[in-house]
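K.L.:
Structure incoming, see below.
The values are calculated or read from the model by the stated rules, or taken from the named source; none is laboratory data. These numbers were taken from a predicted model, which means no experiment stands behind them. Methodologically, a virtual Cβ is constructed for each residue, glycine included, from the backbone with ideal geometry; neighbour enumeration extends over all protein chains shown. Note: areas computed on protein heavy atoms with side chains; ligands, DNA, RNA excluded. Shrake-Rupley method; radii C 1.70, N 1.55, O 1.52, S 1.80 Å.
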Amino acid sequence: MKVIAVYNIKGGVGKSSTCVNLAFSAAKSGAKTLLWDLDAQGAASFYFNVKPEVKGGTKGLFKTKEIGAVVRETDIQNLDLLPADFSYRHMDLYLDGGAKPKKQMKEFLGRFENDYDILFLDCPPSFSLVSENVFNSADLMLVPLIPTTLSLRTYQQIMTYVAEHKKLSLKVLPFYSMVDRRKKLHLEIMNEGLSTLPGVLNTAVPYLSLIEQMGVHRAPVGLFAPNSQAAALFDTLWTEINRAGAAVQNKQ
Ligand SMILES: Nc1ncnc2c1ncn2[C@@H]1O[C@H](COP(=O)(O)OP(=O)(O)O)[C@@H](O)[C@H]1O
Ligand SMILES: [Mg+2]
């Protein structure tokens, strides 16, 4: 099972939208896919029309032996959801109480290993013990970045942390998100390409009203607009991520 986190310290950068759409692309390609909505705000759960509630909350979840009791099916074949729960806002406190506070999530995710090919983590916007658990659990970390100067600074902060923690085996893949080509700054930053952001993916997600409409349809764009530019774009992004991920595996 490959664990793919969609993470940024910032909120409102397109994490949940991307995570939901990529999970859709992965499931469509035949991979048994699980998305864990780690954000207490429950955006991903909302998009899948699933109640953001887990029996027993954070504690009950981490103690569960039977994953069937906590995982929900979605309307999409091959795609299941581990919903958000309001108690996740205190997940740090729970994790801190364990013997290995930074490794608890990795151990927990082992329970899903036999049932899924890909596990997406839709992360909350913070830099916390939950984030550190995510870094220790993920094979790939996708970082959506709005092309502005401040976003690039935030990205540097993430990369500094990753560089300082040499034991981490995750590969970080940044990509541009919510790109507005009418904005000079967006274009300038993107045109500087790899010199500004080494390793940035070629596929950028533009600002599209169809992506915003996910909240109305409560579904990935590929479900309510399968022939749209937006749906094709997430398939392309998914293909590129797979290629980058496979390149990492071959190197190891
Ligand atoms: N590419 C996009 N084009 C237009 N709107 C977007 C796009 N990506 C996200 N949005 C909208 O921006 C808001 C924040 O997106 P979201 O994916 O929830 O970000 P995050 O998870 O980083 O907080 C949502 O209202 C969403 O509909
Ligand atoms: Mg979100």
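K.L.:
Just give me the residues in the stretch 1-44 being among the aromatic types (F, W, Y) and within 12 Å of ligand 2 (Cβ to nearest atom), in sequence order. Don't jump to the end; show me each part of the working.
P.N.:
Our first condition is that a residue be among the aromatic types (F, W, Y); within the stretch 1-44, this holds for 7, 24, 36.
Across the stretch 1-44, the qualifying residue is only Y7.
K.L.:
Residues in the stretch 117-145 that are touching a strand residue (DSSP E or B) at 6+ places or on another chain (Cβ under 8 Å) and part of a loop (DSSP other than H, G, I, E, B): how many? Spell out the reasoning first.
P.N.:
As a first pass, look at the stretch 117-145 and keep what is touching a strand residue (DSSP E or B) at 6+ places or on another chain (Cβ under 8 Å): 117-123, 134-135, 137-145.
So of that shortlist, the ones also part of a loop (DSSP other than H, G, I, E, B) come out as 117, 123, 138-139.
The number of residues fulfilling the criteria is 4.
K.L.:
Of all residues in the stretch 160-190 being assigned to a helix (DSSP H, G or I) and among the aliphatic types (A, V, I, L, M), which is surrounded by the most Cβ atoms within 10 Å (Cβ to Cβ)?
P.N.:
Here is the first cut: in the stretch 160-190, the ones assigned to a helix (DSSP H, G or I) are 160-164, 184-190.
Add one more test, that the residue is among the aliphatic types (A, V, I, L, M), and what stays is 162-163, 185, 187, 189-190.
Working: V162: 15, A163: 10, L185: 12, L187: 14, I189: 21, M190: 16.
Among those that are assigned to a helix (DSSP H, G or I) and among the aliphatic types (A, V, I, L, M), it is I189.
K.L.:
Then there's this: I'd like the residue in the stretch 188-207 that is aliphatic (A, V, I, L, M) and in contact (Cβ under 8 Å) with a residue 24 or more places away in the chain and, out of all such residues, is nearest to Q157 (Cα to Cα). Steps first, answer last, please.
P.N.:
Our first condition is that a residue be aliphatic (A, V, I, L, M); within the stretch 188-207, this holds for 189-190, 194, 197, 200-201, 204-205.
Narrowing further to those that are in contact (Cβ under 8 Å) with a residue 24 or more places away in the chain: 189-190, 197, 200-201, 204-205.
Numbers: I189: 18, M190: 19, L197: 13, V200: 16, L201: 19, A204: 21, V205: 22 Å.
Taking the candidates together, the pick is L197.
K.L.:
Considering only residues that are among the aromatic types (F, W, Y) and out of contact with any Cys (no Cβ under 8 Å at 6 or more places or on another chain), which ones fall in the stretch 1-41?
P.N.:
Going residue by residue through the stretch 1-41, those that are among the aromatic types (F, W, Y) are 7, 24, 36.
Hits for the stretch 1-41 are F24, W36.
K.L.:
How many residues are within 16 Å of ligand 1 (Cβ to nearest atom) and open to solvent by 100 Å² or more (accessible area, probe 1.4 Å) if we restrict to the stretch 191-215?
P.N.:
Of the residues in the stretch 191-215, 2 are within 16 Å of ligand 1 (Cβ to nearest atom) and open to solvent by 100 Å² or more (accessible area, probe 1.4 Å).
K.L.:
Determine whether the stretch 165-178 contains at least one residue that is in contact with a helix residue (DSSP H, G or I) (Cβ under 8 Å, 6 or more places away or on another chain), more than 22 Å from Y207 (Cα to Cα) and aromatic (F, W, Y).
P.N.:
The initial filter retains those residues of the stretch 165-178 that are in contact with a helix residue (DSSP H, G or I) (Cβ under 8 Å, 6 or more places away or on another chain), namely 165, 168, 170-177.
Still in the running and more than 22 Å from Y207 (Cα to Cα): 165, 168, 170-172.
Imposing the further condition that a residue be aromatic (F, W, Y) reduces the set to none.
For the stretch 165-178, residues in contact with a helix residue (DSSP H, G or I) (Cβ under 8 Å, 6 or more places away or on another chain), more than 22 Å from Y207 (Cα to Cα) and aromatic (F, W, Y): absent.
K.L.:
I'm checking my understanding of the structure. Among residues of the stretch 191-228 that are small (G, A, S) and not in a loop (DSSP other than H, G, I, E, B), which one is farthest from the chain's Cα centre (by Cα)? Show your work before the answer.
P.N.:
Taking the stretch 191-228 and keeping what is small (G, A, S), we get 193, 195, 199, 204, 209, 215, 219, 222, 225, 228.
Next cut, not in a loop (DSSP other than H, G, I, E, B) only: 193, 195, 209, 215, 222.
Values: G193: 23, S195: 25, S209: 21, G215: 18, G222: 17 Å.
Of everything passing the filter in the stretch 191-228, S195 is farthest from the chain's Cα centre (by Cα).
K.L.:
Identify, by number, the condition in (1) touching a Pro at 6+ places or on another chain (Cβ under 9 Å); (2) of a type outside the set (K, R); (3) buried (at least 19 other Cβ atoms within 10 Å of the Cβ) that D80 doesn't meet.
P.N.:
Only one criterion in (1) touching a Pro at 6+ places or on another chain (Cβ under 9 Å); (2) of a type outside the set (K, R); (3) buried (at least 19 other Cβ atoms within 10 Å of the Cβ) is unmet by D80, namely (1).
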